[in-house]
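Novice: Dropping the structure in here first, questions after.
Each value in this text was obtained by applying a stated rule to the coordinates, not by laboratory testing. Here the structure is a predicted model, which is why all the values come from computation and not from measurement. Cβ placement follows ideal geometry from the backbone for every residue including glycine, while neighbour counts extend to all protein chains displayed.
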Ligand SMILES: [Zn+2]
């Protein structure tokens with residue numbers, strides 16, 4: 001049984017500090033993972049605008065956002081100019097690939113994508129995705145093939161572009177199993193491997209869960225076999241830094257339960273991509289996370305239940 005580890009990398013600090021720590025941990029345990037990079041400017045400070053949205057202040061209290069990002073990162077794009085992550089940390093990105101890990105695109109500008117893509121038109125969406133692809137190709141000297149959208153935010157244009165830009169493994173949303181997506185009955189021929197498990201920051205702070213018992217809570221969710229596998233998303237800024245010991249517990253726990261922690265590409269290799277079940281996708285919500293996300297909504301009409309991987 002395969003459980004894909006998907007590492008979202010949002011900031012310059014996460015790229016420089018969180019990524020090498022996770023690469024080291026995964027190598028020590030002999031497991032695979034996919035690292036998805038933010039390739040353009042780090043404008044994390046601008047996310048402070050989200051403080052005016054419902055649900056954000058509760059999350060700040062639960063997860064300690066200042067401790068999580070660091071003060072300097074919170075000023076990028078506001079009082080300090082946003083540093084260019086691809087230019088400043090391309091060496092870390094190549095080191096990750098050269099250490100044998102799957103790499104792909106998270107976004108060009110995380111804050112811009114997360115706050116803008118829901119209402120964006122085709123031209124805006126194509127520009128953001130093309131800039132990320134060009135910079136990725138600049139850094140790695142090969143085109144990107146794996147995509148995992150920032151903040152699980154997508155629109156129909158972005159979904160169409162996953163196919164047109166040549167991606168073959170996408171993990172852009174939340175759901176229950178790998179599928180071929182249909183948005184308003186329009187098919188997109190690029191398989192989606194959605195995040196199936198809750199993230200640590202969605203669990204911590206609710207129902208008596210804290211950093212000391214969150215690994216047990218999550219391992220409780222993976223006790224039952226899941227023939228189509230699982231996808232777990234972690235963040236370089238949180239699980240690669242303050243919560244690194246929790247990831248150590250999780251990787252050991254998953255191996256003891258019989259899971260092989262792998263990259264998204266390895267999960268993709270275990271299925272026949274174009275024989276995957278067809279599923280309706282769209283905008284919805286998940287427990288513990290504020291706002292709306294790209295979600296798998298259920299079988300496409302007439303579609304059979306998921307097949308075993
Ligand atoms: Zn992200």
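Novice: I'd like to compare 248-256, 163-171, 6-14: which one has the highest average count of other Cβ atoms within 10 Å, and what's the full order after that? Before the final figure, lay out the partial values.
Specialist: Details: 248-256: 17.2, 163-171: 19.9, 6-14: 27.3.
The densest-packed peptide leads the list: 6-14, 163-171, 248-256.
Novice: Run the numbers on the chain and let me know its relative contact order in percent, using alpha-carbon pairs under 8 Å that are six or more apart. Show your work: numbers first, answer last.
Specialist: Numbers: 634 pairs, mean separation 79.0, N = 309.
The value is 26 percent.
Novice: Turning to a different aspect of this structure: Roughly what % of DSSP beta bridges within segment 2-299 run antiparallel, to the nearest 5? Mind dumping the intermediate values first?
Specialist: Details: 10 of 39 bridges.
Looking only at bridges with both residues in segment 2-299, the antiparallel portion is about 25 percent.
Novice: Order the peptides 235-245, 104-114 from the highest to the lowest mean number of other Cβ atoms within 10 Å of their residues. Can you show the working numbers first?
Specialist: Working: 235-245: 21.8, 104-114: 24.0.
Final packing ranking: 104-114, 235-245.
Novice: While we're on this one: Given a cut-off of under 8 Å on Cα pairs at least six residues apart, what relative contact order in percent is computed for segment 197-309? Don't jump to the answer; show the numbers that get you there.
Specialist: Details: 103 pairs, mean separation 27.1, N = 113.
Worked out over segment 197-309, it gives 24 percent.
Novice: Which value at 222 nm does the chain reach when only helices count, each DSSP H run of 4 or more adding -39,500 (n - 2.57), with the total divided by all residues and rounded to the nearest 500 deg cm²/dmol?
Specialist: The helix contribution divided over the chain gives -10000 deg cm²/dmol.
Novice: Under a point spin-label approximation (7 Å from Cα along Cα-to-Cβ), what is the residue 124-residue 290 distance to one decimal in nm?
Specialist: Here the answer is 2.1 nm between the modelled labels.
Novice: Any chance you could check the Cα centroid distance between segment 177-196 and segment 139-162 for me, in angstrom?
Specialist: Taking the Cα centre of segment 139-162 as reference, the centre of segment 177-196 is 13 Å away.
Novice: On to the next question. In the Gaussian network model of the chain, springs joining C-alpha atoms below 10 Å, which of 23, 271, 231 carries the largest mean-square fluctuation?
Specialist: 271
Novice: Next question. Given the peptides 126-132, 209-215, 35-41, arrange them by the average over their residues of other C-beta atoms within 10 Å, most packed first. Don't skip to the end; give the middle numbers.
Specialist: On the way: 126-132: 18.7, 209-215: 15.4, 35-41: 27.3.
Put in order of decreasing packing, that is 35-41, 126-132, 209-215.
Novice: Please say if segment 2-299 is rounded, prolate or oblate, where rounded means a/c under 1.5 for a ≥ b ≥ c the square roots of the C-alpha gyration tensor eigenvalues, and otherwise the choice is prolate for a/b larger than b/c and oblate otherwise?
Specialist: rounded
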